[in-house]
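What follows is a short report on a single structure.
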Amino acid sequence: MANLSWLILFLFVSYASGCDQCVLSKASVITKASTLSSGVCGYGSLALNFNGGHVAAGVPSLYKDGAGCGACFQIRCKNSGLCSKAGTKVIMTDVNKSNNSSDFVLSSRALRAMALHGKDQQILKLGVVDVEYKRIPCDYKGQNLAVRVEETSKNPGYLAINILYQGGQTEIVAIDIARVGSTNWSFMNRKYGAVWETTKYPGPGPLQFRFVVTSGFDGKNVWAQNVLPANWKAGVTYDSKVQIDDIALQGCTPCADSHWN
């Protein structure tokens, strides 16, 4: 928790690119004591284990009413005397509404990872830095998409789930649910962030899910069969046995440096 207690607020003023793949910006640095682990994506303490604690809050245009939860970004500062060319990867776990001109709030661990060896404290002290960032595919090293049953769920009657380990460069925009063996699908509602709920419980028995996944301009249905057992329990995470790893096809000019290609 200590490493996440310092947050770095980057105030971005875009000056160069209209391409989502590589955004060049001016950044002011502000520190405050807070945490990203309790962000509105709903990951809670699990966020502390994401990507070694390299997590971030993104502006509403990146958060996308929760569809951006779990998205991965590569970010680096442009001060070559203090910062590495590779920068660091962050996973979005919260929305940043503190300033309309701010794109990200980064955990201290993520900010320091951008620095050259021994120069992380100097980055913390900077008042203004140049940065660039782009969205990249998330890679969970073979980890299947997981469904965590929220503590507020009651079997039967009410089900709320949180989606974990969403790979690729994707967004889940809709979820349907049905009993295993049934074709009577009902839709779930996004409660907030990565949390979905339904009060139209499909009835007794194991449950299957159908995820509507988009990647760039493309979309598809991903069918996860027999995910929740009939006796599912609140607070437990279940393996969907499917992986989502699509990568958006971008028509953008990549950043000039080969580290971003």
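The values are calculated or read from the model by the stated rules, or taken from the named source; none is laboratory data. This structure is a prediction, so every number in the text was calculated from the model and none was measured. We place every Cβ from the backbone using ideal geometry, glycine too, and count neighbours over all the protein chains shown. The protein model used for the area step is the full one, side chains on, heavy atoms only, and it has no ligands, DNA or RNA in it. Shrake-Rupley method; radii C 1.70, N 1.55, O 1.52, S 1.80 Å.
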Among all residue pairs at least 6 apart or on different chains, which show Cβ distances below 7 Å where the first residue, located in region 170-199, is in contact (Cβ under 8 Å) with a residue 40 or more places away in the chain and the second is open to solvent by 30 Å² or more (accessible area, probe 1.4 Å) and in a loop (DSSP other than H, G, I, E, B)?
Thr170/Asp246; Val180/Pro206; Tyr192/Val40; Gly193/Val40
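Scanning for something part of a loop (DSSP other than H, G, I, E, B), polar (S, T, N, Q), at pLDDT 95 or above and surrounded by 12 or more Cβ atoms within 10 Å (Cβ to Cβ), does region 236-243 turn up at least one residue?
Our first condition is that a residue be part of a loop (DSSP other than H, G, I, E, B); within region 236-243, this holds for 236, 240-243.
Right, trim to polar (S, T, N, Q) and you get 240, 243.
If we keep only those that are at pLDDT 95 or above as well, we get 240.
Next, from what is left, pick out any that are surrounded by 12 or more Cβ atoms within 10 Å (Cβ to Cβ): 240.
Yes.
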Tally the residues that are β-branched (Val, Ile, Thr) and within 29 Å of Ile247 (Cβ to Cβ), restricting the search to region 187-218.
4
If I filter region 150-158 for residues that are surrounded by fewer than 20 Cβ atoms within 10 Å (Cβ to Cβ) and β-branched (Val, Ile, Thr), do I get at least one hit?
yes
Boolean, Leu106 is crowded, with 18+ Cβ neighbours inside 10 Å and within 29 Å of Val227 (Cβ to Cβ)
no
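Please verify whether Thr88 is more than 17 Å from Asp120 (Cβ to Cβ), among the β-branched types (Val, Ile, Thr), open to solvent by less than 50 Å² (accessible area, probe 1.4 Å) and modelled with pLDDT under 90, treating the condition exactly as stated. Let's see the steps before the verdict.
Working: more than 17 Å from Asp120 (Cβ to Cβ): no; among the β-branched types (Val, Ile, Thr): yes; open to solvent by less than 50 Å² (accessible area, probe 1.4 Å): yes; modelled with pLDDT under 90: yes.
So Thr88 fails the test.
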With the checklist (1) at pLDDT below 90; (2) among the aromatic types (Phe, Trp, Tyr); (3) under 21 Å from Gly193 (Cα atoms) in hand, flag the one item Tyr133 doesn't pass.
(3)
Which residues, taken from region 117-169, are among the charged types (D, E, K, R), more than 30 Å from Lys85 (Cα to Cα) and part of a loop (DSSP other than H, G, I, E, B)?
Glu150, Glu151
Of all residues in region 170-194, which are open to solvent by 30 Å² or more (accessible area, probe 1.4 Å), hydrophobic (A, V, I, L, M, F, W, C) and not in a strand (DSSP E or B)?
Val180, Trp185
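Select from region 52-83 the residues that are in a loop (DSSP other than H, G, I, E, B) and open to solvent by 30 Å² or more (accessible area, probe 1.4 Å) and write down the one among them that is nearest to Lys119 (Cα to Cα).
Residues of region 52-83 in a loop (DSSP other than H, G, I, E, B): 54, 59, 67-71, 78-82.
Then drop every residue that is not open to solvent by 30 Å² or more (accessible area, probe 1.4 Å), which leaves 54, 78-81.
Working: His54: 18, Lys78: 14, Asn79: 11, Ser80: 11, Gly81: 9 Å.
Here the answer is Gly81.
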